[in-house]
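Presented below is the structure to which this report refers.
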Amino acid sequence: MSQIEQEAEEGIVRYLSNLYQVQNKDKALFDAIEYESEVEKQFAMDLDNNENIRLFVKLPGWFKIETPIGPYNPDWAFVTERDEKLYFVREIKSTLDSEERRTKENQKTLCGRKHFETLEVNFDVVTSLSEVKM
């Protein structure tokens, strides 16, 4: 029982320490967003602070695209508005070098790209918001 309690407490502390508090609450569905890495945390901050972003969401774990090699869960979706509304889905990675990432990860990302191309939704892999052409 004490081991279960300790693991539960560590899990709660880990969860709470990986929450980004949204500043512009009208741009997000929730007041806080769980991030998985410092790259994702920075991406959330950049989305939150970018004047062209109208809405952003970290896609939940249940949002999965079925692929031939297993389910794929993209990281982020967001909407911009300048002359027109544009919808984006982005996979966030610490590197754009596919050789530094796992093969299965690259394969799922490729499947995600094909899926979103079919839907005519702008999809890409990026390391920061500055790489997104809005």
Just to be sure I understand: with springs between alpha-carbon atoms less than 10 Å apart, which residue in E66, E99, E81 has the highest mean-square fluctuation in the Gaussian network model of the chain? E99
Calculated from backbone phi, Karplus (6.51, -1.76, 1.60) coupling profile of region 25-38 in Hz, x at Gly/Pro: 4, 6, 9, 10, 7, 10, 6, 9, 10, 7, 10, 9, 7, 5
In whole Hz and in residue order, list the ³J(HN,Hα) couplings for region 97-109 that follow from phi through the Karplus curve 6.51 cos²θ - 1.76 cosθ + 1.60, θ = phi - 60°; x for Gly and Pro. 6, 4, 6, 8, 10, 5, 4, 5, 4, 5, 5, 5, 4
Compute the semi-axes of the equivalent ellipsoid of the chain, taking the square root of 5 times each eigenvalue of the Cα gyration tensor, and list them largest first in whole Å. 26, 21, 13
Value of [θ]222 nm, deg cm²/dmol, for the chain, DSSP H segments ≥ 4, -39500 (n - 2.57) each, nearest 500: -10500 deg cm²/dmol
Tell me which residues come under 5 Å, amide H to amide H, from L55 once H is placed; ignore anything under 5 positions away on its chain. V79
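Each reported figure results from applying straightforward, stated rules to the coordinates on display, with no laboratory input. Keep in mind the model is a prediction, meaning the values are calculated, not measured.
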